[in-house]
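Novice: Take this structure, written in structure tokens, and hold onto it; I'll ask about it next.
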Amino acid sequence: MLPPLLLLLLLLLLLLYLLPLLLLAASTLILLVFWLLLLCSCIYSQGDPSHSDVQPDLQLLGKTSVGGSRCNPAAAALLLSLCLGLPPLVDTCPPYCLCASDIISCSGHNLSVLPFDLPSYATRLDLSHNALTVLPADWIPQPFDRLSTLVLSRNSIGQIDTDAFTVTPHLLHLDLSSNCLTVLNSSVFTGLKELKELLLFGNQIVQINPGAFSDLHSLKRIYLSGNKLTDFPLGLYEEPGGPRNLTFLDLSSNRLSKVPVQTLLSLTPQGGIYLQENPLVCDCDLLALLEYWMWKQYRPMVDFKGEYPCRDNAGPGPNCSEQGVSDMPLETQTYQVEPGKWLWVPCMGLAKAPQEGLAVFWVTPMTVLNSSANDLSDHLIVLPNGTLEIRGAQLEDSGTYGCVAARGRYYDPSESLEVSVVVGNLSAASSSGLAHRSGAEHFNTAFTTLASCVISIILVLLYLYLTPCRCRESRGGASGGCGGRAIILCSDPREVESGQRRSNGKRVAFLEPQVEDSNIDGPKTPVINSGHVTTEGILKNGSRTVGQTLTDTAHVV
């Protein structure tokens, strides 16, 4: 039996050995209990109906309401990982949002502050139908390099800080519709060099400052309808850093009273400009623009013809019709002038000079001219009577010219409000244009002809050199059995009699069909009379041509 002192010493040693394990087990148990408490604990309400609606601040804390209680398992897991000193392995979807692969929708939660824990892998982020009022520069902590679509519609955003979109450099579609924007400040869209579509309709925009659309080099479509604009935003087309390929501009339902007709005529080929439902003053310039658009079958004009002014004889009155409009159908005309000469082209459809103050526009291949704003130093000017004067014609002046004037009626698309001007020889220019247009057809024709020639040559060579001799005479002198007239090509020189001249070419012989006699025992009558049958042929040996006579003797068995 061990002494009591030794036994006590052994117990102490065992306790020291097991103490670290006990401490580790206790720590693990405490953390597990803490995590379970966070995961399962809920704050119960006392059944008050007023507690059924979740406040925005509680939403931002990540709490949801379920049957009168509020808990957040995702936040519990996040707190547990932080307590363990481990960062979260992946971005988690906020509990007040809906995440589907790379799409995140936090729409309709009455958020007044932008969420800070959004996953950065999103390509589409929907924050519409909330209560956001400001879009600060640091609205998200990290860049969204993959985000291509951002929806911020149906909020109360009235301010956008500069550089707010630098964190979304690859954004393609931005929806800011139905907000409270009143002014677009300079550089408000800085960083959106890849943006293609911008939705700003349904705001209260009254002013667009210079440089507001800088950096939007790739912008193709912009919607500005339903605002309070009174001036046409020329900066979209004239500012150096603005869009380069804008093809769609919606300015409908604004407060525009006048539009730059000359600028719009130059922009017509580039795409759609929608101006319907604006209080436009119906003057002769606007009437001329609308008539020209209608003749060109301009899509914004055709689709919304009834929502433009100057319709149904509600135009500017008799002032425009006093220009003397001709009722004759307009046909395409061509004018030719030598280089360096002057040319005068009258405006089609005008019977006399327009009144003073009424402008006539000419759409030229290079620019748009106005009779009320001429530079006498230019070599293209519009005279007061509407005639286009070309001074010292140059080759680059050739092209199509259109006269735009208020004629008081819409023209049929089959009629022509344009003329063709040719500088130089008309036939040469026509030939050049024809050759330019039909180069592909000429190439196809030449290729087809060449292919046909090659195929024909191959067929001739096959016929001359690969046709077999099937009607040779047998050793017994009998015929080879050709039943009718045949052409025999023989290349064996031994088949030619010794008295004939030899050549490397092929011999051609014509044989008449043989008729079998009914008397088997009797002698057979030769088809070819005894004598000589001569056949003239032209044979080619190398580079020389030899005329040769072949003599065939009929054999009788």
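The values are calculated or read from the model by the stated rules, or taken from the named source; none is laboratory data. This one's a predicted model, so the numbers in the text were calculated from it and none came from an experiment. Cβ coordinates were reconstructed from backbone atoms using ideal geometry, including for glycine residues, and neighbour counts include every protein chain displayed. In case anyone asks, the SASA skips ligands and DNA or RNA and just uses the protein heavy atoms, side chains included. Shrake-Rupley method; radii C 1.70, N 1.55, O 1.52, S 1.80 Å.
Novice: Segment 119-209: D in µm²/s via Stokes-Einstein (Kirkwood Rh, Cα pairs, 37 °C, 0.692 mPa s)?
Specialist: 250
Novice: If each residue of separation counts as 0.36 nm, what is the full-extension length gain between Thr230 and Cys453 once their alpha-carbon separation is subtracted?
Specialist: 73.2 nm
Novice: Report, in debye and to the nearest 20, how large the dipole of segment 198-259 comes out about its Cα centre when Lys and Arg carry +1 and Asp and Glu carry -1 on their Cβ.
Specialist: It works out to roughly 180 debye.
Novice: Another question, if that's okay. Amide H to amide H under 5 Å from Leu350: which residues, 5+ apart in sequence or cross-chain, H placed 1.01 Å off N in plane?
Specialist: Under 5 Å from the amide H of Leu350 lie the amide H atoms of Ser326, each far enough along the sequence or on another chain.
Novice: Order Arg255, Arg124, Arg244, Arg407, most accessible first, counting only protein heavy atoms with a 1.4 angstrom probe.
Specialist: Arg244, Arg255, Arg124, Arg407
Novice: I would also like to ask the following. What is the percent of Cα-Cα separations in segment 231-313 that go past 22 Å?
Specialist: Here the tail beyond 22 Å accounts for 19 percent of pairs.
Novice: Apply 1/(1 + (r/R0)^6) to the Cβ-Cβ distance of Leu22 and Ala131, taking R0 = 45 Å, and write down the FRET efficiency to the nearest 0.05.
Specialist: The pair Leu22/Ala131 has a calculated efficiency of 0.25.
Novice: Can I ask one more? Among the listed pairs Lys258/Lys296; Lys228/Lys296; Lys193/Lys305; Lys196/Lys228; Lys193/Lys296; Lys258/Lys305, give every one whose C-alpha distance is greater than 27 Å.
Specialist: The answer is Lys228/Lys296; Lys193/Lys305; Lys193/Lys296.
Novice: Same structure again: Over the Cα atoms of segment 157-291, Rg to Rh with Kirkwood Rh, two decimal places?
Specialist: My calculation of the ratio gives 0.96.
Novice: Okay, moving on. At 1.4 Å probe size, what's the solvent-accessible area of Asp161? Round to the nearest 10 Å².
Specialist: The accessible area comes out at roughly 40 Å².
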